[in-house]
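Only one structure is covered here, and it is reproduced in the block below.
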Amino acid sequence: MHRVKTLFVSLAPLAGQCSQEARVRFIIRASACIEARRNTSDSSQNRTFVTNPAAQEPFLSGSSSTYMEEMYNMWLQDPSSVHASWDTFFRGASAGASPGEAYMSPPSGLAPLPPNTVSVASLLGPSLAHAQVHPHALTSVDEKLISDHLAVQAIIRSYQVSMGGDVRGHHCADLDPLGIKQEELRQLVLVPEGMEGVSFLDRVRQIMLCELSHACSEEEVPTPSSFGDVPFIPWGCPIRGHFLADVDPLGITRQEMESTNHAEVLSFSFPFGKIRITGLIQMIFETGLTEEKDMDRIFQLPPTTYIGGREKALPLREILRRLEDVYCRGIGVEYMFINNLDQCNWIRRKFETPGIMELSNDQKRLIVARLARATGFEGFLARKWSSEKRFGLEGCEILIPAMKQIIDVSSNLGVESIIMGMPHRGRLNVLANVCRKPLEHIFCQFAALQAADEGSGDVKYHLGTYIERLNRLTNKNIRMAVVANPSHLEAVDPVVQGRTRAEQFYRGDNEGKKVMSMLLHGDAAFSGQGVVYETFHLSDLPEYTTQGTIHIVVNNQVGFTTDPRFSRSSPYCTDVARVVNAPIFHVNADDPEAVMHVCNVAAEWRATFHKDVVVDLVCYRRYGHNEIDEPMFTQPIMYQKIHDMPPVLEKYSERLVKENIITNEEVKELKDRYEQICEEALSNAQKETQFYYKHWLDSPWSGFFEGKDPLKVSPTGVKEETLAHIGKKFSSPPENAADFSIHRGLKRILSARMDMVKERTTDWALAEAMAFGSLLKEGIHVRVSGQDVERGTFSHRHHVLHHQKVDKATYCTLQYLYPDQAPYTICNSSLSEFAVLGFELGFSMTNPNALVCWEAQFGDFSNNAQCIFDQFVSSGQTKWVRQSGLVVLLPHGMEGMGPEHSSARLERFLQMSSEDPEYYPPETEEFAIRQLHDTNWIVANCTSPANYFHILRRQIALPFRKPLICMTPKSLLRHPEAKSSFDEMKEGTEFQRVLSEAGKAKEDPDNVKKLIFCSGKVYYDLTKVRRERNLEDKIAIARIEQLTPFPFDMVRKEVERFQNAEIAWVQEEHKNQGAWFFVQPRVITALSGLKTISFIGRPTSASPATGSKHQYAKELNNFLEDAMQF
């Protein structure tokens, strides 16, 4: 570190002021400071350094100095690893040569530079870079020339950094249509002690200074006098805010600036004078510092910018003008936090290349046409249904052209399917003008028509759709789906990602070139809801990535009634995207051409790098949260401004009329034509007498239901040879891999499994593997996801074996059972329930012929995903006619592990069952299957491996799809009695909804005094106590394996079988939890009220379980004692 510092200090004549120490190890200070460091340096350093007076010292940009240090570190390790010019330079400098003597211009004919490498000459300015002179002659070169060239490079860098986002700058982009960021920026620009009297704008003036010099070491912090009359802000000041770029349609942000001397907004010093930058480019040269002719001097452009196009040098005036055009207009670009040089350069090229943002006249007319449809649709709805809530898009009508532009570019780049998720604002407009859903279907939603098909439906602004149509601009077919979403704004995000991943998987689109996702967000929800963060963190995980998502934020700058300064702590609502290095493009939504360019770049970024990208449409909401809400109650200033704002269509069309690109007559014709289309659609809709929920289905399964008997279940038993084959494979180490080192503990587990296979028995893990393996053999894809599922939370599954001597070398047996089997996916997830469950739900929606399972680490952790259960899984079919065969595995059981690792909250899932407890369905041959058909989901608590095997296979055997919520065991995974014979799984067997008494009590049912119904692990506790007390002929125990749909018929038969017995329900959960309140009324219904049923279990409690082992044992013994009484 010291050698680097001292070497770079020796470069003072070439680099006097540098960037922050932590990043580039340069020191910004006057010559006196340099001299002081030299005098206090280690006496063992016998090198001689040459310095110049401070007034003559130029400076290097931060990027150049970082690069120099990288070259030096590489040279220290291997001199041959750097370019010859660097080798010569470092050798000379290390030998004690002055910087002028150390540098020697390289001869021509050298080998080309390696990728991402520049020679030392490129950092020294054009005069030195191209000079072929003797090194001693370098000292006579005009040092002011060097200084000025380096200063220009620093200016360019400051625009890219301060306005491009290295510290979240965009300081010179006017992004805020309403100006509410003004107050936010006040809070972010901290006032250091002793500077309370410095005005806000004077503090903002230091943005560039902080960026150019960044942070020095503590002893090198400049003083206010270092910057003349410009107030100084100490380092560490978090200055952020897209403050001067023109991205504010309402202009509120600019009001305070315009009320002041706006030429004083930003001021920073360079060797050739003091530059003052405002929203409009201007240079003010103070007397005695420089001359006007400096503006026309030609300066060499560094390789880090593309503003020159093919030109390598430009006049200073043109350099500044081009930088202003890029960074100080309607776009603010956040990308400098990305730690990939190629990606940063790609973004610079897309924004800095001259003329790259220009649109043709045809493209401009297309924007007007699309804006006319977006604006016309909202206006039509407002006139026809003025009192209806529709959550219109007024204030951000540009969203429709923006989405269509992304779709056009993506389609042209090869995308064939786009899955979209969005909140309710603007949904109807998106359905109408992006997806082109028939307007008649939309207008029917405003009428009080009766549905012709089953379901409860949902409000119109929650519904989804699926459309396949021809994209006229690209002449390619495109499939678009908008996924239905509840009012929980961001809850749909992981669902969309899961569905996208599934479609990519089944199409073999491993690079995401054919299928992509697009997510729309509101500003308050994007920053406020944790599922956004959870979903972002799935973006690069191997089994969850969708190869890049395009996020569009409709930034109304208000959340319902809450201002941003009260709704988030981060500077921008989009800051969450920085965690995955997603570039963020802030754009003024009232600048249509800027929006189109940003959308082009976003689509191309996703296609090029397959990474997420965010488009932040900074706009406003013309009305309240909904059309009948009064926003003036809480945002009076904002809405006074909005009231006077003309729509973007009006402003943009007037501009094009002035440019003679379109006429007023043509604009009027566009509006009238769309008005006529809407009127005709409304006329047709008024003729309808009913509507169909199926018209709003977002995930159609083509051909799945055709030709099937809806009340016939395929067999779930399999041939014994299949069971044995899978069992042997699952119990064996990798074939043909003798050097694959397996943990000795796993060797014992595999050996025990093989013994069970030989004995024709299975435990829980083996039965599960046989269910999965048999489905894979039949061509059914199986996917298992969740925290630690590869091994299993309780170390029972072990589907992925790890080489003990080779890192990351693994083997998954179930992927190699048969040569022509379906793919098997098992993957550990991030530590998330909400996003991962939503993801797996979306995955299950894509293909009905796949078994998709999500397993919670512990069952109670599933409540982190309660929104997905409530809004999607339990009610998705009735609201949106959308089926899913998702399997949810929840470890459940009271085993003394405390309140948080005991109960999966079985009662909550049962409460959400749609079954009527007082209705006994007609007993027919299809009783069980009809119940399954009519229910919203299945809740089971299996006690035998065979039943678990069958219920998993039944998910695919059903002629329809229902979610399965399965309570899974913990201690039963290794319980010696929790085993099943092959005889219970082979052909001819099936899932048993109730496991009847099969012991001594069965032989003499009239002698049975008590009939106990139970579910889950408690059965084994009961049988143990019953056996110990020799009550096996007096007490019968029946297990209800499937709780919903409730087995009314099986319960009645069991009671009729033991006519003299009293009936009790025994559960290990507390009385106010578990299945008791669900089971009690259904048993009474099954028995027609002729008998009652009593409760035996733990007393009521607020906590799911005690944390005391003593208390746990006491409670267990008490209710087991009660159970044995009759």
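The values are calculated or read from the model by the stated rules, or taken from the named source; none is laboratory data. Not measured: the values here are computed from a predicted model. A quick note on method: Cβ atoms are made from the backbone with ideal geometry, for glycine too, and the neighbour counts reach across all protein chains shown. To get the accessible areas, we keep the full protein, side chains included, count just its heavy atoms, and leave off ligands, DNA and RNA. Shrake-Rupley method; radii C 1.70, N 1.55, O 1.52, S 1.80 Å.
Taking residues in region 754-766 that are within 17 Å of K986 (Cβ to Cβ) and in a strand (DSSP E or B), and partners anywhere that are of a type in the set (F, W, Y) and at pLDDT 95 or above, the pairs with Cβ atoms closer than 9 Å and at least 6 places apart or on different chains are T761/F982; T762/F949; T762/F982.
Checking each residue in region 549-560 for being surrounded by 24 or more Cβ atoms within 10 Å (Cβ to Cβ) and not in a strand (DSSP E or B) picks out N556, Q557, V558.
In region 508-520, of all residues being more than 17 Å from the chain's Cα centre (by Cα) and touching a residue at least 40 places away in the same chain (Cβ under 8 Å), the one that is nearest to Y824 (Cα to Cα) corresponds to E511. Among the residues of region 398-418, those that are in a helix (DSSP H, G or I) and among the small types (G, A, S) comprise A402, S410, S411. Restricting the first member to region 637-658 and to residues that are without any contact (Cβ under 8 Å) to a residue 24 or more places away in the chain, and the second to residues that are in a helix (DSSP H, G or I), the beta-carbon pairs closer than 7 Å and six or more apart or on different chains are Y639/P631; Y639/M632; V657/N664. The residues of region 579-611 that are in a helix (DSSP H, G or I) and polar (S, T, N, Q), listed by number, are N600, T608. R499 satisfies every condition listed in (1) open to solvent by 50 Å² or more (accessible area, probe 1.4 Å); (2) touching a Phe, Trp or Tyr at 6+ places or on another chain (Cβ under 9 Å); (3) in a helix (DSSP H, G or I) except (1).
Scanning region 295-307 for residues that are in a loop (DSSP other than H, G, I, E, B) and either touching an Asp or Glu at 6+ places or on another chain (Cβ under 9 Å) or open to solvent by 50 Å² or more (accessible area, probe 1.4 Å) (or both) turns up R297, L301, P303, T305, Y306, I307.
Does D629 satisfy the criteria of being over 20 Å from R348 (Cα atoms) and among the acidic types (D, E)? Here the answer is yes, as D629 does meet what is asked. Does D1049 qualify as being more than 43 Å from the chain's Cα centre (by Cα), of a type outside the set (K, R) and modelled with pLDDT under 95? For D1049, the condition - more than 43 Å from the chain's Cα centre (by Cα), of a type outside the set (K, R) and modelled with pLDDT under 95 - is not met.
Of all residues in region 688-705, those that are without any contact (Cβ under 8 Å) to a residue 12 or more places away in the chain and either in contact with a Gly (Cβ under 9 Å, 6 or more places away or on another chain) or at positive phi (or both) total 1. If we scan region 524-532, do we find a residue that is hydrophobic (A, V, I, L, M, F, W, C), more than 30 Å from G392 (Cβ to Cβ) and either surrounded by fewer than 24 Cβ atoms within 10 Å (Cβ to Cβ) or in the same structural domain as M420 (by the TED database) (or both)? No, because not a single residue in region 524-532 is hydrophobic (A, V, I, L, M, F, W, C), more than 30 Å from G392 (Cβ to Cβ) and either surrounded by fewer than 24 Cβ atoms within 10 Å (Cβ to Cβ) or in the same structural domain as M420 (by the TED database) (or both).
Is it fair to say S902 is of a type outside the set (A, V, I, L, M, F, W, C), over 39 Å from the mean Cα position of the chain (by Cα) and open to solvent by less than 10 Å² (accessible area, probe 1.4 Å)? Spelling it out, it is not the case that S902 is of a type outside the set (A, V, I, L, M, F, W, C), over 39 Å from the mean Cα position of the chain (by Cα) and open to solvent by less than 10 Å² (accessible area, probe 1.4 Å).
Considered as a group, the residues in region 733-761 that are among the hydroxyl-bearing types (S, T, Y) and surrounded by 13 or more Cβ atoms within 10 Å (Cβ to Cβ) include one that is modelled with the highest pLDDT, and that residue is T761. Close Cβ contacts (under 8 Å, 6 or more residues apart or on different chains) running from residues in region 871-899 that are basic (K, R) to residues that are in a helix (DSSP H, G or I) comprise K879/H462; R882/M845; R882/G876. When region 329-372 is filtered for residues that are modelled with pLDDT under 95, polar (S, T, N, Q) and either in contact with a strand residue (DSSP E or B) (Cβ under 8 Å, 6 or more places away or on another chain) or open to solvent by 60 Å² or more (accessible area, probe 1.4 Å) (or both), only N339 remains. Apart from one condition, L519 fits all of (1) closer than 15 Å to A577 by Cβ; (2) open to solvent by 10 Å² or more (accessible area, probe 1.4 Å); the exception is (2).
Residue by residue, here is whether (1) open to solvent by less than 30 Å² (accessible area, probe 1.4 Å); (2) in contact with a helix residue (DSSP H, G or I) (Cβ under 8 Å, 6 or more places away or on another chain); (3) under 19 Å from H892 (Cα atoms); (4) of a type in the set (A, V, I, L, M, F, W, C) holds:
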| residue | (1), (2), (3), (4) |
| --- | --- |
| I1040 | yes, yes, yes, yes |
| F1046 | yes, yes, no, yes |
| E1054 | yes, no, no, no |
| F1078 | yes, yes, yes, yes |
| N1118 | no, no, no, no |
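Candidates A1064, A1036, A1075: the one that is outside the structural domain of R908 (by the TED database) and under 22 Å from A928 (Cα atoms) is A1075. When region 151-170 is examined, which residues are found to be of a type in the set (V, I, T), modelled with pLDDT under 75 and in a helix (DSSP H, G or I)? Within region 151-170, V161 is the sole residue that qualifies. The set of residues in region 424-483 that are in contact (Cβ under 8 Å) with a residue 40 or more places away in the chain, surrounded by fewer than 20 Cβ atoms within 10 Å (Cβ to Cβ) and part of a strand (DSSP E or B) comprises Q450, A451, Y466, N471, K476, N477, I478, R479.
Taken over region 533-548, the criterion of being buried (at least 24 other Cβ atoms within 10 Å of the Cβ) and either without any contact (Cβ under 8 Å) to a residue 12 or more places away in the chain or assigned to a helix (DSSP H, G or I) (or both) is satisfied by T535 alone. Note on region 908-929: among residues that are part of a helix (DSSP H, G or I) and over 39 Å from the mean Cα position of the chain (by Cα), the one that is nearest to K1071 (Cα to Cα) is A928. Within the set D807, D820, the sole residue that is among the acidic types (D, E), within 30 Å of F960 (Cβ to Cβ) and either assigned by the TED database to the domain that holds R507 or outside any strand (DSSP E or B) (or both) turns out to be D820.
Every residue in region 769-804 that is among the small types (G, A, S), assigned to a loop (DSSP other than H, G, I, E, B) and over 20 Å from T722 (Cβ atoms), please. Selection gives G792, S795. Counting just the residues of region 971-1016 that are of a type in the set (D, E, K, R) and touching a His at 6+ places or on another chain (Cβ under 8 Å), which one comes out surrounded by the fewest Cβ atoms within 10 Å (Cβ to Cβ)? Filtering first and then ranking leaves R974.
Considering the conditions (1) open to solvent by 30 Å² or more (accessible area, probe 1.4 Å); (2) assigned by the TED database to the domain that holds N510; (3) under 24 Å from the mean Cα position of the chain (by Cα); (4) not polar (S, T, N, Q), A402 is excluded by exactly one of them, (1). From the list E720, E665, which one is more than 30 Å from I418 (Cβ to Cβ) and open to solvent by less than 80 Å² (accessible area, probe 1.4 Å)? Being more than 30 Å from I418 (Cβ to Cβ) and open to solvent by less than 80 Å² (accessible area, probe 1.4 Å) holds for just one of E720, E665, which is E720.
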